[in-house]
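Got a structure for you, written out below as structure tokens; questions coming shortly.
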Amino acid sequence: MLARPPPRPCSGAGDRWRRQDAPSAMPRVPAGGLGRGAAGVFKLVAARPAATTVVAAAAGERRTAGPAAAVDGAQLANGSAVAGISKLVTSTVGKSTNILWHDCPIGQNERQKLLNQKGCVVWITGLSGSGKSTLACALSRELHSRGHLTYVLDGDNLRHGLNRDLSFKAEDRAENIRRVGEVAKLFADAGLICIASLISPYRSERGACRNLLPSSSFIEVFLNAPLEVCESRDPKGLYKLARAGKIKGFTGIDDPYEPPSDCEIVIQCKIGDCPSPKSMADQVVSYLEANGFLED
Ligand SMILES: Nc1ncnc2c1ncn2[C@@H]1O[C@H](COP(=O)(O)OS(=O)(=O)O)[C@@H](OP(=O)(O)O)[C@H]1O
Ligand SMILES: Nc1ncnc2c1ncn2[C@@H]1O[C@H](COP(=O)(O)OP(=O)(O)O)[C@@H](O)[C@H]1O
């Protein structure tokens, strides 16, 4: 079997796979099943529309590339599946072979009801010293005071643990962002308002994190503080070291930062004119409120 993974894991009680008409390019699977060496196509559609996929079935074949699918009513000539009985198919994802997606009856919807909020990711990007951590903490505090459950994933902090094996060269920054995107997705699935604050300098990697979630649940916040502002703050003295050539590949000095072109929120900070941490947080809270994230 060849399967493409649905764009996001299926969760919740309503998700079940069912067979649909096969695309015309491949023969439909006959009622009696496939002959040995024959191939057919199933379209499997989960109850949730986002989880649609197409599966090509070749008799005796057992390769998949996505979450396990229960093929309903398929019969293979080698007798491995009986018509009318669901057959679980294992998946290959990356380097993991023969794995199954295990669903639970308690899903994101149930958790969101419990928390009276919608799980989402607020992704704060900007130069070092732009105020990402300050905003993340102010936002967390503000939402907490309103009774909402948040969790902050701070780039600096994660590099003390989960990402301690990563440097600041391009491929390690990309892996850093990928990992944080995956963790953030889990927190959002848990029903939390996850606040990720990383430099995350590359547009494509931020886009990949966005694509892990339903589009409206990824809220990209650009803390647009010019280099002059960040450098004049320099709370850790890193810009000074970078200018002196003692840190190589420092973002904004001798390493790139690609500003977002289509983010949900821009917080503008000019020389001598930056909004206070509270008013930056309020700007994000207003967005969350207006878009229904602060209610179930
Ligand atoms: N070379 C280089 N470039 C940029 N930043 C550096 C570098 N070396 C160390 N630091 C410190 O690491 C913090 C950024 O970590 P991130 O995980 O957010 O970076 S990235 O998203 O992987 O680019 C960043 O923290 P913030 O100032 O909070 O952004 C810096 O303190
Ligand atoms: N809105 C703001 N107005 C004035 N100073 C700020 C503001 N936001 C952050 N700062 C200060 O700028 C410095 C860098 O902030 P920080 O949150 O650590 O940035 P980042 O996480 O992007 O590196 C800190 O000293 C912080 O107190």
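The values are calculated or read from the model by the stated rules, or taken from the named source; none is laboratory data. Every value quoted in this text rests on a predicted model; they were computed, and no experiment measured them. All Cβ positions, even for glycine, are placed from backbone atoms using ideal geometry, and neighbour counts span all protein chains on display.
Quick check on region 251-269. Is at least one of its residues within 13 Å of ligand 1 (Cβ to nearest atom) and either touching a His at 6+ places or on another chain (Cβ under 9 Å) or part of a helix (DSSP H, G or I) (or both)?
There is no residue in region 251-269 that is within 13 Å of ligand 1 (Cβ to nearest atom) and either touching a His at 6+ places or on another chain (Cβ under 9 Å) or part of a helix (DSSP H, G or I) (or both).
Which of the residues that make up region 246-296 are of a type in the set (D, E), without any contact (Cβ under 8 Å) to a residue 60 or more places away in the chain and closer than 27 Å to R173 by Cβ?
D254, E258, D262, E264
Just name the residue that is surrounded by the most Cβ atoms within 10 Å (Cβ to Cβ) out of those in region 170-193 that are touching a residue at least 24 places away in the same chain (Cβ under 8 Å) and more than 15 Å from ligand 1 (Cβ to nearest atom).
Among them, the one singled out is I193.
Looking at this structure, is D103 at pLDDT 95 or above and not aliphatic (A, V, I, L, M)?
Against the criterion (at pLDDT 95 or above and not aliphatic (A, V, I, L, M)), D103 does not qualify.
Still on this structure, I have one more. Within region 150-162, can one find any residue that is in contact (Cβ under 8 Å) with a residue 12 or more places away in the chain and in contact with a Gly (Cβ under 9 Å, 6 or more places away or on another chain)?
No.
Another question about this same structure. So which residues in region 126-135 are buried (at least 20 other Cβ atoms within 10 Å of the Cβ) and closer than 21 Å to E289 by Cα?
K132, L135
Could I ask something else about it? Considering only region 136-169, state which residues are within 13 Å of ligand 2 (Cβ to nearest atom) and either surrounded by fewer than 16 Cβ atoms within 10 Å (Cβ to Cβ) or not in a helix (DSSP H, G or I) (or both).
Matches in region 136-169: V152, L153, D154, D156, N157, R159.
Does E228 satisfy being in contact (Cβ under 8 Å) with a residue 24 or more places away in the chain and either surrounded by 16 or more Cβ atoms within 10 Å (Cβ to Cβ) or not in a helix (DSSP H, G or I) (or both)?
The answer is no for E228.
Also: Test S216 against the stated conditions and say whether it is within 9 Å of ligand 1 (Cβ to nearest atom), touching a residue at least 40 places away in the same chain (Cβ under 8 Å) and not β-branched (V, I, T).
Spelling it out, it is not the case that S216 is within 9 Å of ligand 1 (Cβ to nearest atom), touching a residue at least 40 places away in the same chain (Cβ under 8 Å) and not β-branched (V, I, T).
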